[in-house]
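**Q** My structure is below; once you've seen it, I'll send some questions.
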Amino acid sequence: MTDSYLLHNGTRVFTDSSERPSMASFMLAYFSAVKGKKNVLEMCSGSGIVSFWNYDRGFCGKTVMVDIRSDQLKLADMTASANGLDVETVNGDASSYRSDERFDAVICNPPFFNEQDQSADPDKKAFRHENGLDPDSLFRTAALNLKQRGHLYFCHVPERLADIFESLRNNGLEPKTIRFCRHSADRLPFLVLVDAIFKGGKKLTVLPDLCVMDKEGNYTAEMMDICEEDYV
């Protein structure tokens, strides 16, 4: 069943009512914040919430969305058409995507979990488990599609960060900025946001943590700006 809601600046986004966009997707959109007239590739795009959030906040370029699930791409097409946005959708395996053009940025909210302990639900298995799109495959594909000094923005689980950094460098991508996300200041991070640059210099900046809730148990002002009021 199809649902829709308005982003802050009036962009109407269509989603599957049984699959709400994740909080990680909103955090990644906020972290990437692509502006201007650029070419962007969103891998594992789903219905495109990350890119449409960026359009709503001022991005005015072209986005190519790649996902293995055709039903999600149909929703992305509906959103692009309803809002007059320059979006191309590609139904296929993100790990094998190659474009004739190079992109200014690649954005990806990838599956976090490896081949073990896979869900029996085929839909959940498709977007939660790597199934061939491990970090090395993701970073190799990003490097093949990025302009020199283009940005790769992605999120992942903190416990895999050491392997992620090694794989980034093996594929010519240098981690430049990271930000940990916590449910509250007294809890361990559940997510890390990463900005890596293709053929970038070796200098890493760690931003202050992003907290979902304040000490009173209310959503922080930053989270209220990131997510929509009816979402949180």
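**Q** Within segment 4-24, does at least one residue satisfy the condition of being surrounded by fewer than 23 Cβ atoms within 10 Å (Cβ to Cβ), touching a strand residue (DSSP E or B) at 6+ places or on another chain (Cβ under 6 Å) and assigned to a helix (DSSP H, G or I)?
**A** Within segment 4-24, one or more residues are surrounded by fewer than 23 Cβ atoms within 10 Å (Cβ to Cβ), touching a strand residue (DSSP E or B) at 6+ places or on another chain (Cβ under 6 Å) and assigned to a helix (DSSP H, G or I).
**Q** Same structure, new question: So is ASN170 more than 20 Å from the chain's Cα centre (by Cα) and at negative phi or not?
**A** yes
**Q** Output the residues belonging to segment 175-188 that are surrounded by fewer than 18 Cβ atoms within 10 Å (Cβ to Cβ) and touching a helix residue (DSSP H, G or I) at 6+ places or on another chain (Cβ under 9 Å).
**A** THR177, LEU188
**Q** Taking ILE107, is it crowded, with 21+ Cβ neighbours inside 10 Å, at pLDDT 95 or above, among the β-branched types (Val, Ile, Thr) and farther than 23 Å from ASN54 by Cα?
**A** no
**Q** Within segment 35-78, work out how many residues are of a type in the set (D, E, K, R) and part of a loop (DSSP other than H, G, I, E, B).
**A** Summing the residues that are of a type in the set (D, E, K, R) and part of a loop (DSSP other than H, G, I, E, B) in segment 35-78 gives 5.
**Q** Test PHE26 against the criterion of being touching an Asp or Glu at 6+ places or on another chain (Cβ under 9 Å), among the hydrophobic types (A, V, I, L, M, F, W, C) and under 24 Å from LEU138 (Cα atoms), and give yes or no.
**A** So PHE26 fits the description; yes.
**Q** Additional query: Only one of (1) surrounded by 24 or more Cβ atoms within 10 Å (Cβ to Cβ); (2) in a loop (DSSP other than H, G, I, E, B) fails for LEU85. Which number is that?
**A** Result: LEU85 fails condition (1) only.
The values are calculated or read from the model by the stated rules, or taken from the named source; none is laboratory data. Please read all numbers here as calculations on a predicted model, not as lab measurements. Note: ideal-geometry Cβ built from the backbone for every residue, glycine included; neighbour counts use all protein chains shown.
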